[in-house]
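The values are calculated or read from the model by the stated rules, or taken from the named source; none is laboratory data. Computed from a predicted structure; not experimentally measured. Neighbour counts run over all protein chains shown; Cβ positions are idealised from the backbone, glycine included. SASA here: full protein model, heavy atoms, side chains in, ligands and nucleic acids out. Shrake-Rupley method; radii C 1.70, N 1.55, O 1.52, S 1.80 Å.
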Amino acid sequence: MAEKLQRYGVYAAVAALLLFNAIFTDNFLQVANLRTQLVQMAPVVLVALGMALVIGTEGIDLSVGSVMALAAAVVPLYLGFGVWPAVAMALAAGATIGLVNGSMVALVGLQPIVATLALLVAGRGIALVVADGRLKQIKNQELLALGQPAVVIATAAVIAVVVAVMLHRTTYGRQLVAVGGNRAAANLAGLPVRRILIVTYVSCGLLAALAGVLATARLTASDPSSIGTLMELSAITAVVVGGTPLTGGQVRVLGTVAGALLMQLLRATLIKHNLPDSTAQMVQAAIILVAVYIARGRTR
Amino acid sequence: MDSVPLLSVRGVCKRFPGVLALQDVSLDLPAGQVHALVGENGAGKSTLIKVLTGVHRADEGEIAYDGRPVDFHQPKQAQQAGISTIYQEVNLIPLMSVARNLFLGREPRRFGLIDLPRMNREASETLARYGVHVDVRKPLRSLGLGAQQMVALARAVAIDAKLLIMDEPTSSLEPREVETLFGVVRELSQRHISILYVSHRLDELYRLCDEVTVLRDGRVVHTGPLAAIDKLTLISKMLGRDLGGDGVTKFTHDRRAALPGPPQLRAEGMDKRNLLHDISFEVRRGEVVGLGGLLGSGRSETAKAIVGALPVDRGSVWVGGRRLARLSTAAAIKAGMAMLPEDRKAEGIIADLSVRENIVLAAMPSLHRAGLVSRRRQDQIVDVFMKRLRIKASSPQQRVGELSGGNQQKVLLARWLCLNPRVLLLDEPTRGIDVGAKAEVQALIDELARAGLAVVLISSDLEELVEGADRVVLLKAGAVVGELAGDQVDEHAVMGMLAHG
Amino acid sequence: MTVPADAVSGRRELVAGFVQRHGALAVLALSVVTASLVFESFASFDNASGIAIQSSFLVIVAIGMTFVIICGGIDLSVGSVFALGGVLAAYASRWGTLPALVVPLAVCGAIGLLNGVLIARLRLAPFIVTLASLLGARGLLLSITDEGASTYLVPRESSFVEIGRGTLWGLGYPVFLALALAALAGLVLQRSRFGQSIFAIGGSQDAAAMMGVPVARMKVLTYTLSGLLAGLAGTLNAARLGSGVTILGVGLELDAIAAVVIGGTLLIGGAGTISGTLSGVLLLGVIQNVINQIGNLGSSYQLVTSGAFLAVVVVVQTYLSRTQRLH
């Protein structure tokens, strides 16, 4: 029962919410509104997918929000060389943070929460130093084009498919789940455990950086002081609500996307019904706890 | 000694899903007696301890303690009643000071605050009586294991324990520390504290204990004064069915002839502080070599060291005449070795993954095209091995965690066999699986050896060892004490060597 | 029972112990001396008292965090709770000084209690529970301030502001309160059974339970304490500012964790000191002050340095404890 709830609860909740809105909320199921919702949730989806991979290895990455900020700060510096070099540099910055996280976890042997906490603090500081603490307007048309709804949504969708394929169809993906499921066994079976862990944290950093770039383009400004704040919480929520257990060994890609969608729809529903943002936050807090509780019931 | 025993266990049964861990176990322990509890892995020793200390509750039977029937629901209740347990891994707080550990929860206080000078002074005095002279303000972990053990003992005695359960207390102690411990145990016994002493070191038992209870497969197979039973008989009670009984294993009784050529596996001078001492042996193609010994003799550690899962201080491994440049699990697998670990759940299966994925786990790197998993080639392999090993699962997609122990074991075997290994190390391959699966696994071992594999077989089932192996290398306290080959391999010889070697 | 291996590990233990206990203090002393030599304005009483008052709020929060971390947990909600405490205090100050103290403490204590119950009784992961209450507390704060639009002011004539603004010997009251709380917390940690229980739980929860420590109750108490202290710090801050500023406290939990860990408390639990935490907070305060003295550097360098400190400290801690374990 708890297992079914953990696994499929999120889809039922999304369906129920859509049904509720179809009946009680005016103009909710219109294309324009749905597109807005999807655009808003796209960065969360990207970050949450990376987070899901990390959680699949029995880890956690608290630094994702700071990585977004760093990516946002790096992009304008290199726009002079064109949009693609700038994006590449931002992604490289994210990958670097991921590499540091991964090395601290896999080589030094730190607990993931401890290792990534340091970069949660330092990452945003670095971003602010890089950006000189200022908000920068983005005028580069090519970069702004990346912020168009269609591009943002498509990117998130494509990445979700890529992550799903990577997870289910590549050697790396299957090894990742094995490492998260039973590290001792994976080790005895000769799997390159350290390399797998590092690659996973790097992937998470890359995805967070990509989210930072898209969010910046969407915002038409690079704002490293506020972009991505509390993103780690939103991402973990999406992952956990989507049915991926925090104990590792399982990753639900579709569930994660649905988890992000659920939280987005919930917020939108509350707002459409004139409930303030504060209520939405408290409801979100409650949902996280319920989701974790259900997941716990299964793993014990 | 009192006429009413301090502890009296009557007809205790304990069931776990699929296993009867304790059957009709009875035990009497008078005040001041040092009582040995022995048995191989899975005999039910730890379950019995857990029942006595309130971790588990007995399904049937009665326990009387201090003249009254008791039914502990929680460890705390047992502790308050005066039953203390000292585990092999010391259960204290390593980072806290020695004195704080000794007094945790009953610190002397003055004006509501812990009286540190008094606590430290009393701690020093107390420990001095146990022969431990250390700065009690230092963290516990700065002490040697023997001294830590003494602190645990002192704590147990200080909280008015009447019954001490000691679980393998000497397994990580230096000889000198063992002597100190024995002195303390004898002294406690004179103070009418009863001790249930669990150990696999028989020599120690004979020096220390008054009575012995032998458990096997969850049943008491012998209980009585230790002086009345010789070591050989004791070992036969622990390991075997009655001597001379006919075998029921699936092994063919004729010994295989090893194939000519250089040894397929050669381990040389494997050394690991406190665990392994200069272990060397070799296995030829087509040969099954049994690693024998009692629990704690270093059997599993030897296997792990060979496949690089346990770092060693010294030693080298040769496979097919070539020396491994370094010992790591990846290098071992590459060289053609495969090991089935003893603890199937903790080190073997990945319970959440499917049968298919568990089977192809180790072979995955060789089953891809450009990084993409080749489903077709996987399916072929999975299909072949599920049929060949007769793995009973609803489909290859079923979660391994849902299978029976025997089928889980076969999945693990399949994981290694699909790599086409040259050397197979099997650590307790038939433990905890049902009779049918056991026979199948044994037959498979036979078949694999005939096909030319070099097999190392570890088993605490003496019969399995004797009938399955062509040669037996016997270990004791981490060192090789003897070897039996050909017609020498029988239960008498093995036990004799273990008792006197 | 001395063997050569013990002697080696003993020496290492000594070095590790020193770095663990006094590393932050040494770095603090070094930075104070350097700063005094480099910046004329640094070594003045005004500057020092400024650092002291600014650090006093973080000290109070960090004391609670020290307890939580020693106990093997983490409390990410303290920043939100701090802000909530300030807003509640300013709101309740219209009814007098006593309500201005009691209301925030009651609410913030309740949040801590809820954290503790969820963590200790339902056995949910501390970081996720307190992340959720970070969100929940901020939601609560927003809902009582019209989504952050209204800022409650403490009535000018209220004696409540005196608690935050009054001075003795040129130092603000909060400084003395923080010091008194630190002394008390140090005493509790080292000389009470509650303190011993926390060390035991953080050191090894299973062993602590076997030794008769009421693990769940002690954990609940610890998180409640952390909530209370964060609320108290927010209350004092509101008294000092004369208003309940809604946007305060974001990221405060990270400063607190950084200070605690830099102060030598093991992030995995089981060891730590209040005096170390005090040094850690002051070190962060001095760094902040120096960065301000330099002028053209933004506060972002503060984040970089504390993050870097954090990373170095945890790596060193892991390295030290690993070399010890080998013996």
*Grab the Cα-Cα distance for residue B:278 and residue B:384, subtract it from 0.36 nm times how many residues apart they are, and report the gain in nm with one decimal.*
34.1 nm
*Other-chain or far-sequence residues with amide H under 5 Å of residue B:59's (modelled H)*: B:13, B:14, B:15
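Can you tell me, using C-alpha contacts under 8 Å and at least 6 residues apart, the relative contact order of chain B as a whole percent?
Values: 995 pairs, mean separation 75.0, N = 501.
Relative contact order comes out at 15 percent.
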*Kindly flag which residue pairs out of B:392/B:476; B:45/B:476; B:304/B:410; B:45/B:76 have an alpha-carbon separation exceeding 27 Å in this structure.*
B:392/B:476
*May I ask you to list the residues of the stretch A:222-250 whose amide nitrogen lies under 14 Å from a point 7 Å from Cα along the Cα→beta-carbon direction of residue A:7?*
A:243-245, A:250
*Distance check, please: which entries in B:14/B:50; B:50/B:162; B:345/B:387 exceed 20 angstrom between their Cα atoms?*
B:345/B:387
*Under the definition of partner shielding as Cβ atoms of other protein chains within 10 Å of a residue Cβ, what is the mean value for peptide C:197-204?*
4
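Quick one: compute the contact order of chain A, relative version, from alpha carbon pairs under 8 angstrom and 6+ residues apart, as a percent.
About 35 percent, as a whole number.
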*Report ³J(HN,Hα) in whole Hz for each residue of the stretch C:160-170, in order, from the Karplus equation J = 6.51 cos²θ - 1.76 cosθ + 1.60 where θ = phi - 60°; Gly and Pro get x.*
4, 4, 4, 4, x, 9, x, 10, 9, 6, x
*Pop the C-beta distance of residue A:40 and residue A:184 into the FRET formula with R0 = 51 Å and round what comes out to the nearest 0.05.*
0.75
*Provide A:4, B:76, A:139 ordered by accessible surface of protein heavy atoms (probe 1.4 Å), highest first.*
A:139, A:4, B:76
_With the cut-off at 1.5 for a/c, could you classify chain B from its C-alpha gyration tensor as rounded, prolate or oblate?_
prolate
*Rounded, prolate or oblate: which fits the stretch B:294-406, taking a ≥ b ≥ c as square roots of the Cα gyration tensor eigenvalues, rounded meaning a/c under 1.5, else prolate when a/b beats b/c?*
oblate
*Which whole-Hz ³J(HN,Hα) couplings does the stretch A:222-231 yield from phi under the Karplus relation 6.51 cos²θ - 1.76 cosθ + 1.60, θ = phi - 60°, glycine and proline marked x?*
9, 10, x, 7, 10, 5, x, 5, 6, 5
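Under the 0.36 nm per residue contour assumption, what length would be gained going from the current alpha-carbon distance of residue B:345 and residue B:135 to full extension?
Here the segment from residue B:345 to residue B:135 would lengthen by 71.4 nm.
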*Span from the the stretch B:183-228 Cα centroid across to the the stretch A:242-295 one, whole angstrom*: 58
*What list of ³J(HN,Hα) values in whole Hz, one per residue of the stretch B:286-295 in order, does the Karplus curve 6.51 cos²θ - 1.76 cosθ + 1.60 (θ = phi - 60°) give from phi, with Gly and Pro shown as x?*
x, 10, 10, 9, x, 9, x, x, 7, 3
*What is the sum of charges around residue B:388, taking Lys and Arg as +1, Asp and Glu as -1, for the other residues whose C-beta is under 11 Å from the C-beta of residue B:388?*
0
_Please compute the average number of Cβ atoms from other chains found within 10 Å of each residue's Cβ in peptide A:126-136._
3
*Considering only the other residues whose Cβ falls under 13 Å of the Cβ of residue C:54, what net charge follows from Lys and Arg at +1 and Asp and Glu at -1?*
-1
*Sites residue B:111 and residue B:191 - FRET efficiency at Förster radius 45 Å, r taken between beta-carbons, to 0.05*: 0.85
_Accessible surface, 1.4 Å probe, highest first, among residues C:319, C:152_ = C:319, C:152
*Averaged across the residues of A:47-56, what count of C-beta atoms belonging to other chains lies within 10 Å of each residue's C-beta?*
0
*Sorted by accessible area with a 1.4 angstrom probe, largest first, how do C:133, B:124 fall?*
B:124, C:133
*By its C-alpha gyration tensor, with a ≥ b ≥ c as the square roots of the eigenvalues, how is the stretch C:21-322 shaped: rounded for a/c under 1.5, else prolate for a/b larger than b/c, else oblate?*
oblate
*How much length, in nm to one decimal, is gained on full extension between residue B:26 and residue B:128, taken as 0.36 nm per residue of separation minus their Cα-Cα distance?*
32.9 nm
*Within the stretch B:374-405: backbone nitrogen closer than 14 Å to the residue B:434 label point (7 Å, Cα to C-beta)*: B:391-394, B:403-405
*FRET efficiency estimate (nearest 0.05) - Cβ-Cβ, residue A:137 to residue A:169, R0 56 angstrom*: 0.85
*Nearest-10 value in Å² for the accessible area of residue C:94, using the 1.4 Å probe*: 130
*How many nm separate the modelled label positions at residue B:80 and residue A:275, each set 7 Å beyond the Cα in the direction of the Cβ?*
4.5
*asked:* Placing unit charges on C-beta atoms (Lys and Arg positive, Asp and Glu negative, everything else neutral), compute the dipole magnitude of the protein assembly as shown about its Cα centre in debye, rounded to 20.
replied: 1820
*Label residue A:32 and residue B:62 with points 7 Å out from Cα along Cα→Cβ: what is the distance between them in nm?*
8.3
*Which number comes out as Rg/Rh for the stretch C:139-183 once both Rg and the Kirkwood Rh are worked out on C-alpha atoms?*
1.17
_What whole-number volume per residue, in cubic angstrom, does the convex hull of the C-alpha atoms of the protein assembly as shown give?_
194
*Compute the distance in nm between two label points, each set 7 Å from the Cα along the Cα-to-Cβ direction, one at residue B:160 and one at residue B:443.*
6.2
_Percentage relative contact order, the stretch B:7-239, counting C-alpha pairs under 8 Å, at least six apart_ = 29
*What percent antiparallel are the DSSP beta bridges of the protein assembly as shown, to the nearest 5?*
60
*Roughly speaking, what is the centre-to-centre gap between the stretch B:44-110 and the stretch A:1-58 when only Cα atoms are used, to the nearest Å?*
49
*Only helical DSSP H runs with n ≥ 4 go in: add -39500 (n - 2.57) per run for the protein assembly as shown, normalise by residue count and round the 222 nm mean residue ellipticity to 500 deg cm²/dmol.*
-18500 deg cm²/dmol
